[in-house]
Amino acid sequence: MESFVWEWGSMLLRWLHIVAAMAWIGSSFFFMHLDASLKRTPDIPAGEGAAAWQVHGGGFYEMRKYFVAPEHLSPDLTWHKWQAYTTWLSGFVLLAWIYYAQAQLYLVDPAVMDLSAPAAAALGIGALALGWVVYDRICRSRLGESETGLAAIGLLAITLAAFGFSQVFSGRGALIHTGALMATWMAGNVFFLIIPNQRKVVAALMKGERPDPSLGKQAKQRSAQNNYLTLPVVLMMIANHYPMLFASKATIPLIVALVTASGAVIRFFYNVRHADHARSPWWAWAVASVGLAAAFVLAVAGSAGGRAVLGLPPQAEGPPVAALASAGHGGAAAPDHVVELVAGRCAMCHAAEPVWDGIGVAPKGVRLDTAEAIGRQAEAIRRQVVLTHNMPPNNVTEMTDAERGVIAAWLADAAHRDLRPTP
């Protein structure tokens, strides 16, 4: 039952996270589009505001923006904040649910660094907190006065963060934490600056005072940064489904840098186009395409099978899995009869160099080509092979119920031995 609870909880949390993110991203895209679409209107003094007309759902909308504040404020004021808060909170709980509570399965790779589950969780959470502090200080410094300079520094910080995460976590863990760091920047912008500044403007209006224009400018700057980070963050969130992205810790930082830059360039195209179709920077698509193509080449070169295709020499191997298992990492090695069964039903895909047509990298980076690797993935095998029969996919290798019973018996025996008192 415990395994089913973990899976069901993961599904519900992921569902909430996706729905909240859709709302947040949608509002970000819409308001950036609205800002770019604003035109001068005669009933608002020059330099104090603008308006935009739009049609949707059979109706017409006139939307106005006051650059500082209107002369009067309606009591029916909508605050756009809970989309961001819910996205980050659900994402953090999901991160804890999958990667911290099940660290040995998803976050810790003993071939990268020997970490206990609590240490890995503390390292991840600490990095997110420290990352926000560093980012916020940079934005508030003189470096933050230049949009271009800030973008370059932000890209460098993201790349360095990806490098750091790849030195301590599994490939999946490194990418998800890089995305979580960017999402923390975005949610922090809303919570610590955008909403507080808006509250100060509202408070000044309620007192009949003229709000400080710099408050709106600061909020707008952070909002624009959030917009440019959106596409890269979304890819980082789904990256765990694509093992070619995290096949090698050496390529992770460069892939992250290229994806982040490409995503930002795509958003730049749309932000300019919304303002004036005639000035659409079509060159942005060429730049983004080159960046993503370079990321593809790096991803292929980072996988064992991909290097063979490109004619590159094999990468240096890390610590042998057998040595890691004997040192106490993961479960005990699987017995010979289980290894033989898995080799015939699973290892043609879950190997360093898969031999199944159409698969170039082991799905989700999970390898089942040695007794030690199978033992380390025992819990994942329990969920996918015994409890849900999800693997092999569509039972393409024709694993029988009797063979699943063999796997179940091995897992039950292994669990019994783990619970047996030490003499």
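The values are calculated or read from the model by the stated rules, or taken from the named source; none is laboratory data. In this text, all values refer to a predicted model and were calculated from it rather than measured experimentally. All Cβ positions, even for glycine, are placed from backbone atoms using ideal geometry, and neighbour counts span all protein chains on display. Side chains are part of the model used for accessible areas, which takes the heavy atoms of the whole protein and leaves out ligands, DNA and RNA. Shrake-Rupley method; radii C 1.70, N 1.55, O 1.52, S 1.80 Å.
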field: Value of [θ]222 nm, deg cm²/dmol, for the chain, DSSP H segments ≥ 4, -39500 (n - 2.57) each, nearest 500
entry: -19500 deg cm²/dmol
field: Volume in Å³ per residue [convex hull over Cα atoms, computed for the chain]
entry: 195
- request: For K249, go through the lysines and keep the ones whose alpha-carbon is under 24 Å away, minus same-chain ones fewer than eight residues off.
  value: K364
- line: Toy charge model, Lys and Arg Cβ at +1, Asp and Glu Cβ at -1: the chain dipole around Cα centroid in debye, rounded to 20, equals 1360
- prompt: Farthest toward the dipole's positive end in the chain, which of A380, I25, G302, given Cβ charges of +1 (Lys, Arg) and -1 (Asp, Glu) about the Cα centre?
  reply: I25
query: Which shape class applies to segment 175-289: rounded if a/c is under 1.5, otherwise prolate when a/b exceeds b/c and oblate if not, where a ≥ b ≥ c are the square roots of the Cα gyration tensor eigenvalues?
result: oblate
Part-to-part distance (alpha-carbon centres) for segment 285-305 and segment 269-284, which is given in Å: 25
- request: Note down the nm distance, to one decimal, between modelled labels 7 Å out along Cα→Cβ at S280 and at V297.
  value: 2.9
- request: Under a cut-off of 12 Å between alpha-carbon atoms, report the aspartates and glutamates in cross-link reach of K200, not counting same-chain residues fewer than 8 places apart.
  value: E209, D212
- prompt: Which ³J(HN,Hα) values, rounded to whole Hz and listed in residue order, are derived for segment 103-112 from phi using the Karplus coefficients 6.51, -1.76 and 1.60 in 6.51 cos²θ - 1.76 cosθ + 1.60 with θ = phi - 60°, glycine and proline given as x?
  reply: 4, 5, 8, 10, 9, 8, 10, x, 6, 9
- request: Using every pair of alpha-carbon atoms in segment 93-201, split the distances into 5 Å bins beginning at 0 and state the percent of pairs per bin, rounded to integers.
  value: 2, 12, 20, 21, 16, 11, 9, 6, 2, 0, 0
field: In order through segment 363-372: 3J(HN,Hα) via Karplus (6.51 cos²θ - 1.76 cosθ + 1.60), integer Hz, x for Gly, Pro
entry: x, 6, x, 8, 9, 10, 9, 9, 4, 5
task: For the chain, find the longest principal axis of its Cα atoms and tell me its angle to the long axis of helix 195-206, 0 to 90°, nearest 10.
output: 20
task: Give the angle, between 0 and 90 degrees and rounded to the nearest 10, that separates the Cα long axis of helix 336-345 from the longest principal axis of the Cα atoms of the chain.
output: 50
query: When we measure straight from the Cα of K207, which lysines land under 30 angstrom away, once same-chain ones fewer than 8 places off are left out?
result: K39, K65, K81, K217, K220
field: Carbon/sulfur fraction of accessible area - the chain, other protein chains in place, 1.4 Å, %
entry: 66
- request: Enumerate the calculated ³J(HN,Hα) couplings along segment 237-253 in order (Karplus 6.51 cos²θ - 1.76 cosθ + 1.60, θ = phi - 60°), each rounded to whole Hz, writing x wherever the residue is Gly or Pro.
  value: 5, 9, 4, 5, 7, 10, x, 5, 6, 10, 5, 9, 5, 5, 9, 4, x
- prompt: Largest first, what is the accessible-area ranking of E340, E353, E379 with a 1.4 Å probe?
  reply: E340, E353, E379
Principal-axis tilt of helix 171-188 within the chain, Cα atoms, nearest 10 degrees: 20
- request: Round to the nearest 0.05 the FRET efficiency obtained for E353 and S146 when R0 = 56 Å and r is the Cβ-Cβ distance.
  value: 0.75
In segment 1-86, the trypsin sites (Lys or Arg not before Pro) that fall in loop regions by DSSP, at most 12 other Cβ within 10 Å: R40
query: Counting alpha carbon pairs within less than 8 Å and at least 6 residues apart, what relative contact order, in whole percent, applies to the chain?
result: 13
